[in-house]
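Report on the structure given below.
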Amino acid sequence: MKGRATRSNGAFAFIALVLLPVACMVMPVVVGGADPAGFQVFFPLAAFAPVTVACLLIAKEGPDALGIWWRRQLRLPHWTWFVAGLLTLPGLSLLAIFLADGMGWPTLPWREFDWPRDFFVLAGASLFMMFIPGLTEEPGWRSFLQQRLEVRWGLFPASLAVGLVWALWHSTDLVMHSQEYDATRFLSKAGWMISASLVFGALLRRSGGCLLVAIATHLGGNLTFAILPIAPWRGADPRVLHLASALTFAVGAVLVLTGSRAPAAIEDASEPT
């Protein structure tokens, strides 16, 4: 019981510390009506907060706790989990686009690619999105927060809670991309992120708590909005993203509820395995 309480406290400390720079950045703009440009200086603090805070909290658990934690998260599962992580979120969004088109909803034209230039641009962007957003966010969201909340609450509520925190953290979009986002568009994206967190949680558990699978899933989510005509802030019908969120929630819930009941990799980082 003591171990569970310690992890729960660590999770809540993580949430508070990660959202602090976000609040400093977003609240003056959203509540006070300040110029977004004046608060974009906080973005580097917010961007690196998930991995930084997770590492600091883990390091407090023991002399070699941080090294043990990183080695545990980087264990390699079967390659099919990487494929599942990369393709699940784009696949569900693609299904939503086809269903929306079949129902007569207005959909945006598909992006035209100039081969081979756009291929190499996309490949470079994918590598960037895997190693920068993936490595700065996923060690915190999934390897730290997800697994510690899961011990206390179970996989389903823990995944939803991480999705809510992840969405709140992304409220920085209201400052960094204020020309594209308003409150309604941001809430549409937040709903998708909360639904997607169920997929993250299910794949994380089924792969044995592998950080690399979470990073691949994150890349798949980024590519969803980079390639598919689904984003309301780029002119897509909001109902298409809402449908994608509903499909993602349904599939994620099934994956969560039909998976193993054992947490993925929740041992104390101070105790070698």
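The values are calculated or read from the model by the stated rules, or taken from the named source; none is laboratory data. Remember, predicted model here, so these are calculated numbers, not experimental data. Cβ: placed from backbone, ideal geometry, glycine included. Neighbour counts: every protein chain shown.
Scanning the stretch 31-84 for residues that are of a type in the set (Gly, Ala, Ser), out of contact with any Gly (no Cβ under 7 Å at 6 or more places or on another chain) and modelled with pLDDT of 90 or more yields a total of 7.
Counting only helices (runs of 4 or more DSSP H) that sit completely within the stretch 134-195, those holding 2 or more residues that are touching a Ser or Thr at 6+ places or on another chain (Cβ under 8 Å) correspond to 147-153, 155-169. Comparison of Leu174, Leu135, Leu127 shows that the only residue that is modelled with pLDDT under 90, farther than 18 Å from Ser197 by Cβ, under 21 Å from the mean Cα position of the chain (by Cα) and surrounded by fewer than 14 Cβ atoms within 10 Å (Cβ to Cβ) is Leu127.
The set of residues in the stretch 73-97 that are of a type outside the set (Ser, Thr, Tyr) and either buried (at least 20 other Cβ atoms within 10 Å of the Cβ) or touching a strand residue (DSSP E or B) at 6+ places or on another chain (Cβ under 7 Å) (or both) comprises Gln73, Trp81, Phe82, Ala84, Gly85, Leu86, Leu89, Pro90, Leu92, Ala96, Ile97.
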